[in-house]
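Engineer: I'd like to ask you about the structure that follows.
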Amino acid sequence: MVEHIPVMINEVVEHLKQIPVPRVIVDATLGLGGYAESILTQFPDVLLIGVDRDEQALSMACDRLAAFGDRVHYYLAPFSRLVSVLEKEKVTPDGVVFDLGVSNLQLSLPERGFSFQQDGPLDMRMESSKEVEGLRASDVVNTFSEKDLADIFWKYGEERYSRRIASGIVKYRKENGQISTTAQLVEAIRASLPAPVQRKMGGHPARKVFQALRIFVNNELVELEEGLQAAIEKAADKGVIIVVSYHSLEDRIVKYAMRDWKNEGKGIILTRHPLIPTEKEIEENYKARSAKFRAFMREVDMEEDS
């Protein structure tokens, strides 16, 4: 079993407790079911709707949450399709929770191609089914121009050396042929950068490039915008929307969305500044180190009065 420690779960539960009478809560990124298990345990009368685009993760979550029976309804879908899921369920959610980014499951399996620390096929699609069509990371690094690669690395990875790395990748594929594995991509990135530059990067030299490719391949930022719009559109009065993000691109979208909702009279921001994990949590769960937590309460009466 893949180790899965939900990030900032205490903060998630405490903010959901601000809902007057929680009946339906959506876990829009069900993953391996860590958040869902805690929510179902803390709120024994809640129906939880679990949504995930990764079939493999959804199957594992079903096993983990089997004891809760029909209190959990499962949907294989990206959270951009949240509106259609809720319309099918014919419910109005009292809480919607998003835990963004790549999951431990995806990182731990080399065949998924997310990890720069394990060799595997260069895939990075969040959908685990082999039948799902879509752009792979290998398609991007092997067919995109040097300029387009540099733009992707800068826009989605905020990679300072984006142009140098893009040039190195194009050079690598000309000299060595197709880049089909994660190890080959790491090799191309390392070959692009002098050793002193790599030492100054403060982390693995491939980290930001892998992040950028993953976000681009899965259209994650557009997915996030559409998921947030669905949440605010469908949330009940006094419903709480919670987002845990892991890098500045995600957090910026969440911050501005909640600010806009407040200015439009749709409710109140519950976190004046983003909450961050305690030092104890970071010690126990290294993945939490970059997490930022934001929450918003929908208030329909405010919107009607404005």
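The values are calculated or read from the model by the stated rules, or taken from the named source; none is laboratory data. Here the structure is a predicted model, which is why all the values come from computation and not from measurement. So basically every Cβ, Gly included, is an ideal-geometry build from the backbone, and we count neighbours across all protein chains shown. When the accessible area is computed, the model is the full protein with side chains, heavy atoms only, and any ligands, DNA or RNA have been set aside. Shrake-Rupley method; radii C 1.70, N 1.55, O 1.52, S 1.80 Å.
Engineer: Using the structure shown, decide if L48 is touching a His at 6+ places or on another chain (Cβ under 8 Å), free of Cβ contacts under 8 Å to residues at least 40 places away in the same chain and closer than 21 Å to V85 by Cβ.
Structural biologist: Values: touching a His at 6+ places or on another chain (Cβ under 8 Å): yes; free of Cβ contacts under 8 Å to residues at least 40 places away in the same chain: yes; closer than 21 Å to V85 by Cβ: yes.
Here the answer is yes, as L48 does meet what is asked.
Engineer: Do the conditions hold for A257, that is, is it among the small types (G, A, S), touching an Asp or Glu at 6+ places or on another chain (Cβ under 8 Å) and under 17 Å from N10 (Cβ atoms)?
Structural biologist: Numbers: among the small types (G, A, S): yes; touching an Asp or Glu at 6+ places or on another chain (Cβ under 8 Å): yes; under 17 Å from N10 (Cβ atoms): no.
In short, no.
Engineer: Related question: Which one is modelled with the lowest pLDDT among residues in segment 119-158 that are part of a loop (DSSP other than H, G, I, E, B) and farther than 28 Å from V51 by Cα? Give the derivation first.
Structural biologist: Residues of segment 119-158 part of a loop (DSSP other than H, G, I, E, B): 119-120, 122-136, 144-145, 158.
Add one more test, that the residue is farther than 28 Å from V51 by Cα, and what stays is 119, 144-145, 158.
Numbers: D119: 91, F144: 97, S145: 97, E158: 94.
Once the filter is applied, the top-ranked residue is D119.
Engineer: Among helices (runs of 4 or more DSSP H) lying entirely in segment 1-96, which contain 1 or more residues that are among the acidic types (D, E) and under 21 Å from the mean Cα position of the chain (by Cα)? Step through it out loud before you land on a result.
Structural biologist: Numbers: elements: 9-16, 34-42, 55-64, 82-89.
Here the list reads 9-16, 34-42, 55-64.
Residues checked against (1) farther than 22 Å from D251 by Cα; (2) surrounded by 18 or more Cβ atoms within 10 Å (Cβ to Cβ); (3) in contact (Cβ under 8 Å) with a residue 24 or more places away in the chain; (4) of a type in the set (D, E, K, R):
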residue	(1), (2), (3), (4)
P6	no, yes, yes, no
L16	no, yes, yes, no
F43	yes, yes, yes, no
R53	no, yes, yes, yes
G69	yes, no, no, no
G95	no, yes, yes, no
F98	no, yes, yes, no
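Engineer: Only one of these is farther than 16 Å from I49 by Cα and among the small types (G, A, S): A257, A230, A235. Name it. Walk me through how you get there before you give the answer.
Structural biologist: On the way: A230 fails: farther than 16 Å from I49 by Cα; A235 fails: farther than 16 Å from I49 by Cα.
Unique residue meeting the criteria: A257.
Engineer: So is A36 more than 24 Å from S84 (Cα to Cα) and free of Cβ contacts under 8 Å to residues at least 40 places away in the same chain or not?
Structural biologist: Numbers: more than 24 Å from S84 (Cα to Cα): no; free of Cβ contacts under 8 Å to residues at least 40 places away in the same chain: yes.
No: the conditions fail for A36.
Engineer: What's the number of the condition G203 fails, among (1) assigned to a helix (DSSP H, G or I); (2) within 23 Å of the chain's Cα centre (by Cα)?
Structural biologist: Checking G203 against (1) assigned to a helix (DSSP H, G or I); (2) within 23 Å of the chain's Cα centre (by Cα), the one that fails is (1).
Engineer: Another one. Scanning for something open to solvent by less than 10 Å² (accessible area, probe 1.4 Å), over 25 Å from Y156 (Cβ atoms) and in contact with a helix residue (DSSP H, G or I) (Cβ under 9 Å, 6 or more places away or on another chain), does segment 273-295 turn up at least one residue?
Structural biologist: Yes, segment 273-295 contains a residue that is open to solvent by less than 10 Å² (accessible area, probe 1.4 Å), over 25 Å from Y156 (Cβ atoms) and in contact with a helix residue (DSSP H, G or I) (Cβ under 9 Å, 6 or more places away or on another chain).
Engineer: Could you tell me whether N219 is over 30 Å from G134 (Cβ atoms) and either out of contact with any Gly (no Cβ under 8 Å at 6 or more places or on another chain) or surrounded by 20 or more Cβ atoms within 10 Å (Cβ to Cβ) (or both)? Working first, answer last.
Structural biologist: Details: over 30 Å from G134 (Cβ atoms): no; either out of contact with any Gly (no Cβ under 8 Å at 6 or more places or on another chain) or surrounded by 20 or more Cβ atoms within 10 Å (Cβ to Cβ) (or both): yes.
So N219 fails the test.
Engineer: Here is a follow-up. Can you list residue pairs whose Cβ atoms sit under 7 Å apart, with the first residue in segment 259-280 being at pLDDT 95 or above and the second being among the aromatic types (F, W, Y)? Count only pairs 6 or more apart in sequence or on different chains.
Structural biologist: W261/F296; G267/W261; G267/F296; I269/F296; L270/F296; T271/F293; P274/F293; L275/F293
Engineer: Residues S145, S80, S138: which one is crowded, with 19+ Cβ neighbours inside 10 Å, under 30 Å from E187 (Cβ atoms) and of a type in the set (S, T, N, Q)?
Structural biologist: Details: S145 fails: crowded, with 19+ Cβ neighbours inside 10 Å; S80 fails: under 30 Å from E187 (Cβ atoms).
Step by step, each of S145, S80, S138 is checked, and only S138 is crowded, with 19+ Cβ neighbours inside 10 Å, under 30 Å from E187 (Cβ atoms) and of a type in the set (S, T, N, Q).
Engineer: Give just the number: which of (1) modelled with pLDDT of 95 or more; (2) open to solvent by 10 Å² or more (accessible area, probe 1.4 Å) does H247 not satisfy?
Structural biologist: (1)
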